[in-house]
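Data first, discussion second: the structure below is written as structure tokens.
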Amino acid sequence: MQAKEKNGASSIAWFKLAQFVTTKEKEKALGLYKLLSYSIDNKAYSLQVEADLFLAFEDYEVAMTKYQQAALLYKKEKNLVLAASVYEHLTTLQPENPHFLSTLIEVYARLEWEEKVEERFNKLIENYKNNKINKDVLLNTIDQIRNVFADENKESSLKKFVAFVNIKAPEFAT
């Protein structure tokens, strides 16, 4: 019975939090979230939700910091699918940020999602050709992906990636 009451109170609190966000009551929402966050066992998820709150209140700088912390924590915990989803969100919010895109490509490589690696690498090449990133970023990303595939004995993936680079960015081929 106590668990039901506890879950009910928690549900009401989450509903109240949504109301505060809807009515743009930032301080109340953040205060209530601080209390609710103690019931969240996963620190990375807690940071991600907190980032969502800051984003809802258009506090982009804090939101970006929280998202980055969440993504790094997911990555550290080897929860790569969730890390990828947060990095995808970061690249949506800041499409010109080469670090987010490079890290996303690296996470996709670790997941062996070759199609996503190629898709995002194409975006990196496009950014390079449009002078939005420098040559070093592209070279570092290529090395990073090669290292991921080599370190994890993914010879087939490494060969495909090298062939892909040779076709899409022959000036960086090795």
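Nothing in this text is a laboratory measurement; each read-out follows from the coordinates by a stated rule. Since the structure is predicted, the reported quantities are computational estimates derived from the model, not experimental observations. Virtual Cβ from ideal backbone geometry, glycine too; neighbours counted across all protein chains shown.
Each of Glu88, Glu96 was scored by other Cβ atoms within 10 Å of its Cβ. Arranged with the fewest first, they read Glu96, Glu88. When each of Val81, Val117 is scored by the number of other beta-carbon atoms lying within 10 Å, the sequence from fewest to most is Val81, Val117.
Of the trypsin sites (Lys or Arg not before Pro) found in region 14-104, those that fall in a DSSP loop while having at most 13 other beta-carbon atoms within 10 Å are Lys24, Lys78. For region 95-174, the Kirkwood hydrodynamic radius comes to 12.3 Å, computed from all pairs of different C-alpha atoms.
Among the GluC sites (Glu not before Pro) in region 104-140, those located in a DSSP loop and surrounded by at most 16 other Cβ atoms within 10 Å of their own Cβ are Glu112. Among the listed pairs Lys78/Lys135; Lys116/Lys168; Lys16/Lys76; Lys75/Lys116; Lys135/Lys168, a Cα-Cα separation exceeding 22 Å is found for Lys78/Lys135; Lys16/Lys76. Between Lys76 and Glu61, the modelled labels are 2.4 nm apart [label points 7 Å from Cα along Cα→Cβ].
Taking 0.36 nm per residue of sequence separation and removing the Cα-Cα distance, the Lys159/Ser37 pair yields an extension gain of 39.5 nm.
A DSSP coil position with no more than 13 other Cβ atoms inside 10 Å describes the following chymotrypsin sites (Phe, Trp or Tyr not before Pro) in region 1-101: Tyr38.
Applying Stokes-Einstein at 37 °C and 0.692 mPa s to the Kirkwood radius of region 1-122, computed over alpha-carbon pairs, gives a translational diffusion coefficient of 210 µm² s⁻¹.
Under 20 Å of direct C-alpha separation, and excluding same-chain neighbours fewer than eight residues apart, Lys129 reaches these aspartates and glutamates: Glu96, Glu118, Glu119, Asp143, Glu171.
Taking one quarter of the surface of the C-alpha convex hull of region 6-69 gives a mean projected area of 4.0 nm².
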